[in-house]
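Everything on this sheet refers to the single structure shown next.
The values are calculated or read from the model by the stated rules, or taken from the named source; none is laboratory data. All of these numbers come straight from a predicted model, not from anything done at the bench. Neighbour counts are summed over all protein chains in view; Cβ atoms, including those assigned to glycine, are modelled from backbone coordinates with ideal geometry. Just the protein is used for accessible areas: all its heavy atoms, side chains included, with ligands, DNA and RNA removed. Shrake-Rupley method; radii C 1.70, N 1.55, O 1.52, S 1.80 Å.
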Amino acid sequence: MRFTIERMRTLVIGAGVLLVAALGVFLAIGKFRNPFKIGDIPKRLGLNVQQEANGYTFSHALGAHAQWKLHASKEVQYKDNRMQLHGVVIELYSDDGKRVDRISGDEFNYDEKAGTATAVGPVEITLMRPGPEQAAEMTQAAPKDKKLAKDLAPVTASHAGPNDVIHVKTSGLGFNQKTGVATTAERVDFSTGQASGSSLGATYDSQQGFLVLDRNVELAGQRDGKPVAIHAAHMEFTRDTDVCTLKTATAEFRGGLASAAEARVLFREDGTAEHVDAVGGFSATTATGGHVQAPRAAMDLDEKNQPRHGRLDGGVTMDSVKGARTVHGSSPAAQLEFTAKGDLRHAHLERGVTMQSDETNNQQVNGREVATHVGRTWHSPVADIEFRDASDGQVEPDAIHGIGGVTIDSSVKRGDSAALPSKLSADEVNGRFGANSVLTSLSGTGHASMSQTSANGSWQNASGDRLEAVLVEGGEAGSKGREAGSKGAKETGSTGAREQGSKGAAGAEDVQTASLDGHVVLLQKPAAKPGEQPQPEMRATSGHAAYEGDGQWLHLTSNPRVVDGGMELTAGKIDVSQVSGDAFAHGNVKATWTSTKGAGAEAAPGTVALGGQNPAHVIADEAHLHQPTGEVEFDGNARLWQDANSVEGPAIVLDRVKRTMTARSTSAMNPVKVVLLSAGNAKADGAQGRGEHIPGKPAVPTVIRVRGGDLFYSDVDRRALMRGGTLGAVTAETGTAITTSDQVALQLAAAASRSAGQSEVETMTASGHVLVTAPGRRGVGEKLVYTGATGNYVITGTAAIPPRISDAERGTATGQALIFNTRDDSVSIEGGESGTETQTTAPKLRMGTEQGNSRGAQHAAQPKAQQGSGSEPDK
């Protein structure tokens, strides 16, 4: 089965990469931890100045370092404690003198009474993080030259790189000296060497180090040469805690979008972003249709703002749509690991992982297009996914590892037919991905199993200790299945196998090949048929099982054994069709079953034997168990026996539903042979040759051997019928005579006559061109009935052709019925024109021994016969 966790990068990496990349650009601002200290502007820029002056410089120093410097090209002092400054440049230094920020504007109004300073017109602010050389220059004493503004300009800019400077432009900037808060309600534009942005309104608390961008925060930059855009409804930054918070933030990167109700960023001492938290709901969508969301998300960053570790928590959902395929996944939590370049390397999903894919396309089935829907679902408590580079800054899944009990459920639906489910499972599963993020192979250990339901409703499950599976990639499933041609049929050489092989081709879809090792168990349950009793479940065991998707065959080797109903079968190899449920056994086939429920009981349903109560056995070269019909065919030197009764032939077929058995032969050189015990006559073994009866001695059964072309036996009727078939005639041998005829029927006793459960023949009936030979005589007729209990043969004919018996010494006798009594070797003739009964007696040469049987079959003895009405036979 094909399993797709396609475009996993769109499901687990998209969110982390988009948000981290975008915030990494925006939060470059965090490198400048002390933006500016307007709070250090002196309370009075002049005392009662009521005049205009050109050039004004004021500086304040604490220790060896200047804290701030202010230069104005012109000042105007008003009597109402207001002052107007023109061409203002304010430079503010950090406590260690290693950082300088600049505020400049054409005009500032200062209200001494209110303690506020307000910029009239635009204001430019430069925030920078100087390097070591620049810091050294800033520690020098302020020059005495009045042209300080000109001299200072190159000091702050010449030693700063493009990524060390943030330029801010705004207007209407106001500063409250008493509270240390600077605000503006106007648009604020800022830029760095990495990004640029804007907001509407800003507030900065110089005493608390708290910066707020009020609304409509926009940021634009680049990551890996690709544009990044960030939007936020509101942003706050706290200098002392190094935390930046964005409200309703979104980030656009590579055509994707990530959003969070609230994102919090923690900075290091050097101003680089260290950690990002998204709370209140996080989601991300990629340009390729992937979507991921979670209530909470977190990311750890390195010194270069590259992601190192990430976590999604609170219930993670992942969705992807590409063409006709959709993917949905869920997990309570996901942990992400990244490479040094910031590419996703590993994803750890835990506490219950589900990944579901659905795809609908058209496939060619029997020459016509049929809409085929394939759905698959992965379930596991834990799943780890490894990713590989897919070029162009993209990644794709390389391997997956699930533990704690993994199941992969699949469903295939063609046209209007019912969906066919299947499943792969194991305690621990490793999978590999090929191109286009398609799962191509699986390896499972611990309680590994494969199960599926075929089109006819039968269900199969194969389990073992280890599972290896190669999955069909993409659209190859249908074509490979349709080209199956029936590989299993070639191995079995049977028409039934070829038919089911072609049926299996339409079902091949997901698994190309698979193998199970170690304590393999196959369970197969036939489909229930309306109005019929459920068929027994078939169970097979072996050391190894190999599965072929072409034709859907399961090959069992290494001591395979099948238990089907009451039958247990072993062979060198057993092939099982997962479409029809049929099983084919090859090489040294042995089968055993118990045919009755107990002593004296009739044969149990679903079993076939030879009328006895003890176990029955079969050996053959091959066997075919046909589940839909309940038939079992044994081929090649097949022999079935139960106790002393047996059937032998080239092929023996058992119908366990109808409880019948057939045996057939296509060559006269290899006939069907039946050996049955007949009910014993009233003689003991030692007295048999003398015709004496010993009172109290139990009857001794004799053996009946029958040869013919085909045999039919009904266990319900306890009747066997042998026909001539390819042999042309049926030969039956008893202990006293040999019979040839067109067919022979053998009726078994209704219940076993021995305590051991041995079945015996009550009567044997030969019909059609009957010829019976015994020592000293030969009889012909149309029908012969042999009764095992009495040992009598009764030969009858037709009105046109009555039966005849020939005696070389006494001649030929005829009548309506000729009776040959094996107790005393006498012959009785009943009927005829005079209505008399004649008895003759033959010599005492018996057919009870091999010598007698052989001689009786080839030579006619010369008996002495005495004819007379109602006379007793000679002793």
Item to check | Residues that are open to solvent by 30 Å² or more (accessible area, probe 1.4 Å) and in a strand (DSSP E or B), drawn from region 284-297 | outcome: T285, H291, Q293, R296
Next on the checklist: Can you report the number of residues in region 376-406 which are open to solvent by 40 Å² or more (accessible area, probe 1.4 Å) and touching a Leu at 6+ places or on another chain (Cβ under 9 Å)?
Outcome noted: 0
Checklist entry - Only one of (1) out of contact with any Lys or Arg (no Cβ under 6 Å at 6 or more places or on another chain); (2) part of a strand (DSSP E or B) fails for K341. Which number is that? => result (2)
Checklist entry - What are the residues in region 726-751 that are over 14 Å from G709 (Cβ atoms), free of Cβ contacts under 8 Å to residues at least 60 places away in the same chain and either touching a helix residue (DSSP H, G or I) at 6+ places or on another chain (Cβ under 8 Å) or not β-branched (V, I, T) (or both), if any? => result A745, Q747, A750
Item to check | Top-ranked residue in region 320-345 [being open to solvent by 50 Å² or more (accessible area, probe 1.4 Å) and within 13 Å of G290 (Cα to Cα); ranked as modelled with the highest pLDDT] | outcome: H328
Checklist entry - Which ones in region 610-639 are farther than 16 Å from R656 by Cα and either charged (D, E, K, R) or assigned to a strand (DSSP E or B) (or both)? => result I619, A620, D621, E622, D635, G636, N637, A638, R639
Next on the checklist: For region 419-432, check the following and say yes or no: at least one residue is open to solvent by less than 60 Å² (accessible area, probe 1.4 Å), over 23 Å from K525 (Cβ atoms) and either in contact with a helix residue (DSSP H, G or I) (Cβ under 9 Å, 6 or more places away or on another chain) or of a type in the set (S, T, N, Q) (or both).
Outcome noted: no
Next on the checklist: So G791 passes all but one of these: (1) free of Cβ contacts under 8 Å to residues at least 40 places away in the same chain; (2) open to solvent by less than 50 Å² (accessible area, probe 1.4 Å). Which condition number does it fail?
Outcome noted: (1)
Checklist entry - Which one of the conditions (1) over 19 Å from R705 (Cα atoms); (2) surrounded by fewer than 19 Cβ atoms within 10 Å (Cβ to Cβ); (3) of a type outside the set (S, T, Y) does A668 fail to meet, given that it meets all the rest? => result (1)
Item to check | Matching residues in region 652-664 - criterion: being in a loop (DSSP other than H, G, I, E, B) and touching a Ser or Thr at 6+ places or on another chain (Cβ under 6 Å) | outcome: none
Checklist entry - Looking only at region 201-213, which residues are farther than 13 Å from D189 by Cα and either open to solvent by 30 Å² or more (accessible area, probe 1.4 Å) or not β-branched (V, I, T) (or both)? => result T203, Y204, D205, S206, Q207, Q208, G209, F210, L211
Checklist entry - Say we look at region 563-575 and pick out the residues that are at pLDDT 90 or above and not hydroxyl-bearing (S, T, Y); which of these is farthest from G457 (Cα to Cα)? => result G572
Checklist entry - Within region 224-255, how many residues turn out to be open to solvent by less than 60 Å² (accessible area, probe 1.4 Å) and not in a loop (DSSP other than H, G, I, E, B)? => result 18
Item to check | Search result, residues across region 802-823 that are open to solvent by less than 50 Å² (accessible area, probe 1.4 Å), in contact (Cβ under 8 Å) with a residue 12 or more places away in the chain, not in a loop (DSSP other than H, G, I, E, B) and not charged (D, E, K, R) | outcome: I805, S806, A813, A817, L818, I819, F820, N821
Checklist entry - Residues in region 69-92: is at least one modelled with pLDDT under 65 and out of contact with any Pro (no Cβ under 8 Å at 6 or more places or on another chain)? => result no
Checklist entry - Scanning region 256-283 for residues that are more than 21 Å from N305 (Cβ to Cβ) and without any contact (Cβ under 8 Å) to a residue 24 or more places away in the chain, which turns out least open to solvent (accessible area, probe 1.4 Å)? => result G281
Checklist entry - Any residue in region 442-449 that is on the phi > 0 side of the Ramachandran plot, open to solvent by 60 Å² or more (accessible area, probe 1.4 Å) and at pLDDT below 80? => result no
Item to check | One residue from T248, T317 being in contact with a His (Cβ under 8 Å, 6 or more places away or on another chain), more than 26 Å from S196 (Cα to Cα) and without any contact (Cβ under 8 Å) to a residue 60 or more places away in the chain | outcome: T317
Checklist entry - Is it true that L312 is within 29 Å of G225 (Cα to Cα) and either among the hydroxyl-bearing types (S, T, Y) or surrounded by 15 or more Cβ atoms within 10 Å (Cβ to Cβ) (or both)? => result yes
Checklist entry - So which of D427, D416 is modelled with pLDDT of 90 or more, under 29 Å from Q460 (Cβ atoms) and either of a type in the set (D, E, K, R) or in contact with a Pro (Cβ under 6 Å, 6 or more places away or on another chain) (or both)? => result D427
Item to check | Cross-chain or 6+ apart pairs with Cβ under 6 Å, region 544-558 first and touching a residue at least 40 places away in the same chain (Cβ under 8 Å), then charged (D, E, K, R) and open to solvent by 10 Å² or more (accessible area, probe 1.4 Å) | outcome: D550/K487; G551/K487
